[in-house]
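Input: a single structure, listed below in structure tokens.
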Amino acid sequence: MTLTTRRWAELFILFIALPIIMAFAIHPSRMWTVLLSSGALAIVLLHFTDTFRWNSLLQGRVHWRQTLALGAITLAIASELCWWLLPDRLFLLIRERPLLLPILAIAYPLILVLPQELIFRPLFFKRYGDLFRAQSHAITANAFLFSFAHLMYFHWIVFAMTFIGSFIFARGYLRGSFPQAMADHSITGLAIFASGLGWLFFSGGNVAQ
């Protein structure tokens, strides 16, 4: 088996087969275990990827004005969508559990964003980016696969928002800043949860019904 064939096989298992298994064969309560295990696997694969260096994760700056603007735009869009789809949940956390938001602001980036960003940014682009003819093709594939990773939620808004989000996060990473990708992913996710639309991203599976 050639290196290219092996890399395609890895990509298929990690980014296509695993989301299908998570959506149809694993109980939603075990999603956290699977996600953290995937993050651990990403660490191992990254360690054995010749073009990757761990210190690169600390390089680059965060453009906070840009990140805060992105968060504000996301909050506005997510709030409109929540008002349309789930009006009873609009700003539910802010109204009923405001103290949970600071906890989410700390836990969400570390527990959810970090493993996802390790898998979909440095692992994907450093280990599998060369499988695509152009960087634009790799970015599009990355966005599709990031959206596909949310298959378990079975809702078109989740797919659309994660697809668009992946373009933004990948742009920050490919401009030389993993911290920027982390910050953008974290603030958009927190904005979605604050709006109430985060119910669609809840770990209970198809919660839209």
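Here are some notes:
- Subset tally (residues that are among the hydrophobic types (A, V, I, L, M, F, W, C), over 27 Å from residue 48 (Cα atoms) and in contact with a Leu (Cβ under 8 Å, 6 or more places away or on another chain)) for the stretch 96-132: 4
- Of all residues making up the stretch 18-55, the number that are within 16 Å of residue 154 (Cα to Cα) and among the aliphatic types (A, V, I, L, M): 8
- Flag for residue 107 being in a helix (DSSP H, G or I), touching a residue at least 12 places away in the same chain (Cβ under 8 Å), within 21 Å of the chain's Cα centre (by Cα) and under 17 Å from residue 201 (Cα atoms): no
So that you can scan it fast, the table gives a plain yes or no per residue for (1) farther than 22 Å from residue 13 by Cα; (2) buried (at least 17 other Cβ atoms within 10 Å of the Cβ); (3) modelled with pLDDT under 95:
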{"site": "102", "(1), (2), (3)": "yes, no, yes"}
{"site": "115", "(1), (2), (3)": "no, yes, yes"}
{"site": "129", "(1), (2), (3)": "no, yes, no"}
{"site": "132", "(1), (2), (3)": "no, no, no"}
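Residue-wise test of (1) among the hydroxyl-bearing types (Ser, Thr, Tyr); (2) at negative phi; (3) at pLDDT below 80.
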position	(1), (2), (3)
27	no, yes, yes
31	no, yes, yes
34	no, yes, yes
37	yes, yes, no
47	no, yes, no
52	no, yes, no
58	no, yes, no
61	no, yes, no
66	no, yes, no
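- Residue within the stretch 80-89 that is surrounded by fewer than 19 Cβ atoms within 10 Å (Cβ to Cβ), of a type in the set (Lys, Arg), in contact (Cβ under 8 Å) with a residue 60 or more places away in the chain and assigned to a helix (DSSP H, G or I) present: yes
- Looking across 23, 69, one residue alone is without any contact (Cβ under 8 Å) to a residue 40 or more places away in the chain and among the small types (Gly, Ala, Ser). It is 69.
- When residue 98 is tested against the conditions (1) outside any helix (DSSP H, G or I); (2) closer than 30 Å to residue 7 by Cβ; (3) over 20 Å from the mean Cα position of the chain (by Cα), the lone failure is (2).
The values are calculated or read from the model by the stated rules, or taken from the named source; none is laboratory data. Nothing here was measured: the structure is a model prediction, and the numbers come from that model. A quick note on method: Cβ atoms are made from the backbone with ideal geometry, for glycine too, and the neighbour counts reach across all protein chains shown.
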